[in-house]
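J.: Structure incoming, see below.
Throughout, read-outs are computed from the coordinates displayed, never taken from laboratory work. Quick caveat: nothing in here was measured; it's all calculated off a predicted structure. Don't worry about glycine lacking a Cβ; one is built from the backbone with ideal geometry, like all the others, and counts go over all protein chains shown.
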């Protein structure tokens, strides 16, 4: 499943419970709709099919995971038009920021 940030930037793909950047890096694992990095820090969540970060969940911790070995990346899809930011949220980090 292709994933975009709330602001419309193409991020990468969800493969099962794993979050992959378009350049082939495994950067997180989903637990329900929330996604955590390898150290268990909450990166954000999937809301209405887009990645977004809730300020109140940034300090939340979850399961840690060992990153998978990288895979072949792919050409990023064209960005989408972003959505109006929700109160108490910020855009999910771009692949370059993780």
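J.: What strands (runs of 3 or more DSSP E) lie completely within the range 1-77 and have 3 or more residues being over 12 Å from residue 95 (Cα atoms) and touching a residue at least 24 places away in the same chain (Cβ under 8 Å)? First the steps, then the outcome.
T.: Numbers: elements: 2-5, 10-15, 18-21, 26-31, 34-36, 42-47, 50-54.
In the range 1-77, 42-47, 50-54 are the strands (runs of 3 or more DSSP E) which contain 3 or more residues that are over 12 Å from residue 95 (Cα atoms) and touching a residue at least 24 places away in the same chain (Cβ under 8 Å).
J.: Take the residues in the range 78-97 that are in contact with a helix residue (DSSP H, G or I) (Cβ under 9 Å, 6 or more places away or on another chain) and not in a loop (DSSP other than H, G, I, E, B); name whichever of them is surrounded by the most Cβ atoms within 10 Å (Cβ to Cβ). It would help to see each step written out before you state the result.
T.: Pass one, the range 78-97, residues in contact with a helix residue (DSSP H, G or I) (Cβ under 9 Å, 6 or more places away or on another chain): 88-90.
When the remaining residues are screened for being not in a loop (DSSP other than H, G, I, E, B), the result is 89-90.
Working: 89: 17, 90: 15.
Filtering the range 78-97 for residues that are in contact with a helix residue (DSSP H, G or I) (Cβ under 9 Å, 6 or more places away or on another chain) and not in a loop (DSSP other than H, G, I, E, B), the one surrounded by the most Cβ atoms within 10 Å (Cβ to Cβ) comes out as 89.
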